[in-house]
Protein chains: 2
Amino acid sequence: MKSALANDTMIDEVSCLFGALGDASRLKILRALLDAKEPLSQGGVAEVAGLSQANASKHLACLVRVGLVTRNPEGNTVYFSPILPLVSELCDLVCGHVSDRAKASYRALR
Amino acid sequence: MKSALANDTMIDEVSCLFGALGDASRLKILRALLDAKEPLSQGGVAEVAGLSQANASKHLACLVRVGLVTRNPEGNTVYFSPILPLVSELCDLVCGHVSDRAKASYRALR
DNA sequence: CTACTCCACAACCAAACAGTAATATTCCGC
DNA sequence: GCGGAATATTACTGTTTGGTTGTGGAGTAG
């Protein structure tokens, strides 16, 4: 059977989603949300991830837009949560591959 | 336990890998490699994906650099293959999520 | 050696993007 | 109402990046 990348609109959507994951600041945000077992306010995210307020706002908007994070306003503050298990599975897959590659290249040097 | 995004070098590596996936041309290359059940030459990739020769060369180099594609020269031509099952799993995960979201937003309009 | 094919690389341009600073806006407590 | 806290948005800047064109090198057949 054909790959899941059926048509070109799917290609565009998927590239947007992967593109959202392809930035260190946004990954720090996702790490903050994954490590905290509860929703975080935007301020909390910014503090844990080490980003300015405006910067965190922009990156969170991006993650919400592509559907990796949910946005939940309560009164004055907005709480964000990662989409599970999608986000953790993606990170685990890629992290596993990265450390495997690192191990292999380490062994190759001995 | 903590997320797999342990430290900042891991964040950088992972963002590079996701960034490589976050481009429509590179996804078309991966689709070409996944659909063809055999290694493709660079020219074959460029033709199937609809890219110029130089462009395909650059994108393929990017995919090889982050470890999503293997490079296998034979005589004058270079053959490329996707890293399985990593690439197909990542695409399937994200494609599934994208079509689920599309279905949900469709239902929400009725 | 010549001609041809396949690929890599450099230089360049235009578009996209991350980050910042400053300024709204919305909500809450007083 | 007023002031403050939390978030969104705008304008701007510097950097990055995708695409093209052109060129050069490596391999192969004649």
Just checking, which of B:K2, B:K37 is among the basic types (K, R) and farther than 30 Å from A:L33 by Cβ? B:K37
Which condition number in (1) touching a residue at least 24 places away in the same chain (Cβ under 8 Å); (2) within 14 Å of chain B (Cβ to nearest Cβ); (3) within 16 Å of DNA strand D (Cβ to nearest atom) is the one that A:L34 fails? (3)
The residue that is farthest from the chain's Cα centre (by Cα), considering only those in the range A:38-80 that are within 11 Å of DNA strand C (Cβ to nearest atom), surrounded by fewer than 16 Cβ atoms within 10 Å (Cβ to Cβ) and in a strand (DSSP E or B), is A:E74
Please verify whether A:D100 is acidic (D, E) and away from DNA strand C (no atom under 16 Å from the Cβ), treating the condition exactly as stated. yes
Within the range A:1-37, how many residues turn out to be surrounded by 21 or more Cβ atoms within 10 Å (Cβ to Cβ) and farther than 24 Å from B:C62 by Cα? 5
Could you check, for the range B:30-37, whether at least one of its residues is farther than 20 Å from A:L90 by Cβ and small (G, A, S)? yes
Kindly establish whether B:V98 is closer than 21 Å to A:V98 by Cα and within 14 Å of chain A (Cβ to nearest Cβ). no
Only listed residue being modelled with pLDDT of 95 or more and among the charged types (D, E, K, R), chosen from A:K103, A:K58, A:K37, A:K2: A:K58
Top-ranked residue of the range B:57-78 - restricted to ones that are in contact with a Ser or Thr (Cβ under 8 Å, 6 or more places away or on another chain) and among the hydrophobic types (A, V, I, L, M, F, W, C), ranked as nearest to DNA strand D (Cβ to nearest atom): B:V78
Out of A:L33, A:L93, A:L109, report the one residue that is outside any helix (DSSP H, G or I), away from DNA strand C (no atom under 13 Å from the Cβ) and either over 11 Å from the mean Cα position of the chain (by Cα) or aliphatic (A, V, I, L, M) (or both). A:L109
Among (1) in contact with a helix residue (DSSP H, G or I) (Cβ under 8 Å, 6 or more places away or on another chain); (2) more than 11 Å from DNA strand D (Cβ to nearest atom); (3) within 9 Å of chain B (Cβ to nearest Cβ), there is one condition A:S81 misses while meeting the rest; what is its number? (3)
Suppose we keep only residues that are among the polar types (S, T, N, Q) and part of a loop (DSSP other than H, G, I, E, B) within the range A:2-30. Which one would you say is farthest from the other protein chains (Cβ to nearest Cβ)? A:N7
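The values are calculated or read from the model by the stated rules, or taken from the named source; none is laboratory data. Computed from a prediction, not measured in an experiment: that's the story for all the values here. With ideal geometry, Cβ positions are generated from the backbone for all residues, glycine too; neighbour counts draw on all protein chains shown.
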